[in-house]
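Written below as C-alpha cells is the structure these notes are about.
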Amino acid sequence: MTTYLLALDQGTSSSRSIVFDTQGRIVASAQQELPQIYPRPGWVEHDPHEIWRTQLTTAKEALAKAGLKASDIRSVGITNQRETTIVWNRRTGAPIHHGIVWQDRRAEPTCQQLREAGHSNTILQKTGLRIDAYFSGTKLKWLLDNVPSARAAAERGELAFGTVDSWLIWQLTGGKRHVTDVSNASRTMLFNVHTNQWDSDLLALLGIPASLMPEVLPSAADFGKTAEDVLGGMINIGGVAGDQQSALFGQACFKAGMAKNTYGTGCFMLMHTGGHFQTSANGLLTTSAAQPGPTPQFALEGSVFVGGAVVQWLRDGLQAIEHSGQVQQLAESVPDSGGVMLVPAFTGLGAPYWEPDARGSITGLTRGSTIAHIARAALESIAYQSAALLLAMSRDAVANGGAAVSELRVDGGACVNNLLMQFQADLLGIPVVRPACVETTALGAAYLAGLSSGVYQSTDELSALWKAERRFVPTLDKSRADELMERWERAVRQTTAH
C-alpha cells in the first residue's frame, strides 16, 4: 500500500498544504493567502483564527485533490513562520489577542532595557541569539503587560503560549497537546539550546510564568493525533520544525558545513554545524537545527530582511513592472547595472550588519541610468546581501576549525530566477545548486514526519532522495567578484552613515 505524508506549511503571507509520496514527490497542493494586519507603523499582526482556518482549508483541499482520505496519510508534518507569538486560554481555546508576527518591532524598548542592563552575553551564550524584538520572548512579555488581566490569568495557569506550530497542534488535537519542537523553541530567546529546556533564569528575567510554556520535543517525535472530526480520521503528527530549519532538513543538509539559502520575502541562510554550538564572530545567530533525535544539533543562521520583497517594491512602489515575473526580462535588457547599486534597507539591515536604523539607497546613478539598470541593481542586491552572509559563515567555519562552504543549495520563490542564481554563483565563487523540488520547507516537515513514523529509517535514506535540477557554476574572475563585493560594502556604509 502506498503511504503518503501531509505537510502543513504555515507561512507569513499564506498557508499551504502539500501531499508528498515516499519519494518526496508532490502529489497535490493547495494554498490560501493570509491577511496581514498593520495596527500602526512597525507593528504586524495575524488573526490566529485565520491562521487555523486557512491551514485547515488547504489541508482538506490538498487531500481532496490527491483523492486521498485520512487513512491514506501515514503522518502529518508541520512547518511554520517562526517567532510569531500567540497566547490563548487553555479552557476556551480563545486567543487573548492577535498573534504578534516575527516582523513586529513593538518590543524594541524592552530589548533596549535588556541590552543596557548588560544581559546580552548571557542570552547569547544560553540561546545563541542576539537580543532583538524579532524573537518571541519580548513579544510574549508585551502581551502579558498590555492585554488587560493577561498577567493575572497567566499567574493562575489559565493561559498557554505558543509559536504557530503549537497553536496548530492545539487545534489539530482538539486541545489535547500543548507542544513544540526544539527548532521553534530555540527562536524564543527563552530556551537553553545546550540542555534543550526552557531556561528558568530567562523566564524570570522577562517575568514569564513557566506554566505558559509548551512541552519541547525533538523535531521528529510523537506530537499527538489529529482529532477524529478535523481531517476525517485520526492521523499521527510526527514532524515539526520552524520553516528555515525545515528547509535545511528538506535540502538534506545534515552534516557540518552544508548550507542552504531560501530566497523568499527575505533571505534566510543556514549552515549546519553538527553537534557543535559555536557563536559567530561575524554577526550571525546560532540556532538549533531540526533534530530527528534527542541529541542537540546546531546551525549558524543569517537573515536578509528584504530579499524578494525588493521586486514587490519595484512593482508596487516604483511601478516599474506590472507583475513580479517581468523583472528578469527588464534586468536582462541591460548587460549590467551600469554602476548602479541599490541597498534595500527598507527596514534596516539584518545579518551580518545589524543596522536597524539604516535606510535604503540607490547610488552610482548617471544621466545614462535607466529603470532597467535600477531593476538589475535591485535583483543583484539579493545576491550581494546573501554573499555577505555566506562569506561571514565561511569565516566563522574556518575560525572554528571547519572548512569554508563549498556549495550553496537554494530554494524559495526567487531561486527560479536564473539571472539571479548565476550572479550568486559568480559572487561566491562556488556552485549554486537548485534542487528538483524547490518546496524544501514543506518537504523537510514531511521527511521529519516520515522518520518518526517509520517511513524512512535514516537521514542517509533522505540524502539519497535529494536530486539537483540545475547547478550554476561561477564564470566570473575572482578579482572581479571581490571588486564588486567591495563596491557593495561601500554602498552599505553610505546607508548607515548618519
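The values are calculated or read from the model by the stated rules, or taken from the named source; none is laboratory data. Model, not experiment: these values are computed from the prediction. Note: ideal-geometry Cβ built from the backbone for every residue, glycine included; neighbour counts use all protein chains shown. Please note that ligands, DNA and RNA were not included when accessible areas were found on the heavy atoms of the full protein model with its side chains. Shrake-Rupley method; radii C 1.70, N 1.55, O 1.52, S 1.80 Å.
Worth pointing out:
- Accessible carbon and sulfur surface of region 61-125 relative to its total accessible area, %, 1.4 Å: 50
- Gap separating the Cα centres of region 109-167 and region 307-327, nearest whole Å: 35
- Note on region 1-94: Rg/Rh from C-alpha atoms, Kirkwood Rh, equals 1.05.
- Using a simple spin-label model with pseudo-atoms 7 Å out from Cα toward Cβ, E332 and R395 lie 3.5 nm apart.
- For region 349-410: span of alpha carbons on each principal axis (Å, largest first): 49, 28, 19
- Principal semi-axes of the equivalent ellipsoid, √(5λ) from the alpha carbon gyration tensor of region 376-421, are 24, 12, 7 Å from largest down.
- Cα centroids of region 25-85 and region 422-498: 25 Å apart.
- Accessible solvent surface per residue of the chain, calculated while the other protein chains remain in place, 1.4 angstrom probe, Å²: 38
- Of K60/K176; K141/K255; K69/K255; K126/K478; K126/K255, pairs whose Cα-Cα distance is over 28 Å: K141/K255; K69/K255; K126/K478
- Sorted largest first, the spans of the alpha carbon positions of region 208-291 along the three principal axes are 49, 34, 27 Å.
- Residues D229 and L465, FRET efficiency given R0 of 45 Å [Cβ-Cβ distance, rounded to 0.05]: 0.85
- Cα Rg, Dmax, region 113-164, angstrom units: 13.1, 34
- Neighbour-limited loop hits for trypsin sites (Lys or Arg not before Pro), region 174-253 (at most 14 other Cβ within 10 Å; DSSP other than H, G, I, E, B): K176
- Residue-averaged [θ]222 nm for the chain, counting only DSSP H segments that reach four residues, each worth -39500 (n - 2.57): -10500 deg cm²/dmol
- Each residue was assigned an accessible area with a 1.4 Å probe, and for K478 the value is about 140 Å².
- Of all DSSP bridge pairs formed entirely within the chain, close to 70 percent run antiparallel.
- Within the accessible surface of region 214-262, defined with a 1.4 Å probe on protein heavy atoms only, the carbon and sulfur portion equals 55 percent.
- Here's how it looks for R82: its modeled amide H is under 5 Å from those of D243, which are all 5 or more places away or on a different chain.
- Value of D in µm² per second that Stokes-Einstein yields for region 278-327, Kirkwood Rh from Cα pairs, at 20 °C (1.002 mPa s): 154
- Taking 20 °C and 1.002 mPa s as conditions, region 184-250 diffuses translationally at an estimated 154 µm²/s according to Stokes-Einstein applied to its Kirkwood radius (Cα pairs).
- Alpha-carbon gyration tensor eigenvalues x 5, square-rooted, for the chain, Å: 35, 27, 22
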